[in-house]
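Notes follow the structure.
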Amino acid sequence: CFFFFFQAEDGIRDPLWSRGLGDVYKRQVSTQSTWDYFGDIMETAKIPSKKFVNNYQNVVPDALDGLCMLNSKICRIEGTQIVTLKKPRTCVNVICGGGSGHEPAHPGFVCDNILSAAVCGGVFASPSYQDVLKAIVHVANENGVLVIVKNYTGDCINFELAADIARSKGIKVMTLHVADDISLGLKHEIGRRGLAGTVLLYKILGAAAQTLSLEKLHEFGASLGKFIYTIGISFSACSIPGYPPMYTLGPDEMEIGLGIHGEKGLERKKVMPCDAIIDEIFPKFRGEIKKGQEVVALVNNLGSCTCLLYTSPSPRDQRGSRMPSSA
């Protein structure tokens, strides 16, 4: 399988240290001191970016409460930013999480056949290990819990710590890390971030959990993860609610290979038509996709592209691979 997505943000200047929000600020000019930059950010933030929110400090819990109002089968655990099924599954329960700002991932996929719980941090910030632990304990049963973790430093530390504590309490827990970013090449393990492939992976594993044991489900997920490849493309910058955009792209610029928090991509180029963009990124997948193989192509709009835009490229068969479906 391969996946690529177009998104309205791009990344930091050092791709090998792209691990979360703190690294995004490395995009700034190197001659500007950290304190000067944060001072400028706070000064500019007096005129916040325009967002449909009530209060910038409460944007995540407000959004989660609204989601739970729309779905009678889920709820937010009081005092946390955890969305969970009111009645957890009796099979292996699958949970995921991470920083907010990437909706509908991950709370939008809490349902009977996918995730049993989603642990939400602040915007672009990893959730605490305490909340991750509460989610594991809440859904745990004799069949165990599979915790899916995107490959960012904060997520890896907090989710693994929570899993270790849960194991010490006698809970069966296994963790599965997703690192589907191939913009820097498959050999750059440090730079392989967890991207859009995470969602399709846990949709598959959520269904498979109905019949597989925890160990078999983990083994299946690990095998799938080796064949998930993602590249991000950006035309403009992301911003945290209440703050200005994190960087700028010229009116005729796009960036290829960025992360989901504004981490640096592979390179900047002049804006191209959709077909030319596909021609640009397809060679990244070419060594992995064999002639005659079936391929699932997932296009993630990251909240900024309408259906009119991200369904516009005409399907073309460049390697003889079959493309049976898209999402």
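Each value in this text was obtained by applying a stated rule to the coordinates, not by laboratory testing. Source: prediction; values computed, not measured. Here Cβ is always computed from backbone atoms with ideal geometry, including for glycine, and neighbour counts include all displayed protein chains.
Overview of results
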read-out	value
Tensor-based shape of region 87-172 (alpha-carbon gyration tensor, a/c under 1.5 rounded, otherwise prolate or oblate)	oblate
FRET efficiency for SER213 and GLU78, using Cβ-Cβ distance with R0 set to 51 Å, rounded to 0.05	0.95
Enclosed volume per residue, in Å³, of the convex hull spanned by Cα atoms of region 89-243	110
Rounded Å value of the spacing that divides the Cα centres of region 198-253 and region 110-128	13
Hz values of 3J(HN,Hα) by residue in region 156-164 - Karplus curve (6.51, -1.76, 1.60), Gly and Pro given as x	4, 5, 6, 6, 5, 4, 4, 5, 4
Amide H contacts of LEU176 (H built 1.01 Å from N, under 5 Å, at least 5 apart or other chain)	VAL147, ILE148, VAL149
Eligible lysines near LYS291 by straight Cα distance, threshold 21 Å, same-chain separation 8 or greater	LYS226
29 Å Cα-Cα threshold exceeded, pairs from LYS203/LYS290; LYS264/LYS284; LYS73/LYS264; LYS50/LYS87; LYS86/LYS216; LYS169/LYS216	LYS73/LYS264; LYS50/LYS87
Values of log10 I(q)/I(0), in the order q = 0.16, 0.17, 0.20 Å⁻¹, for region 173-301 under a Debye, Cα-only, solvent-free model	-0.90, -0.99, -1.22
Long-range amide H partners of VAL295 with built H, under 5 Å	ARG322, MET323
Spacing of the two label points (7 Å from each Cα toward its C-beta) at CYS111 and VAL137, in nm	3.0
Other-chain or far-sequence residues with amide H under 5 Å of GLY121's (modelled H)	GLY98, GLY99, SER100
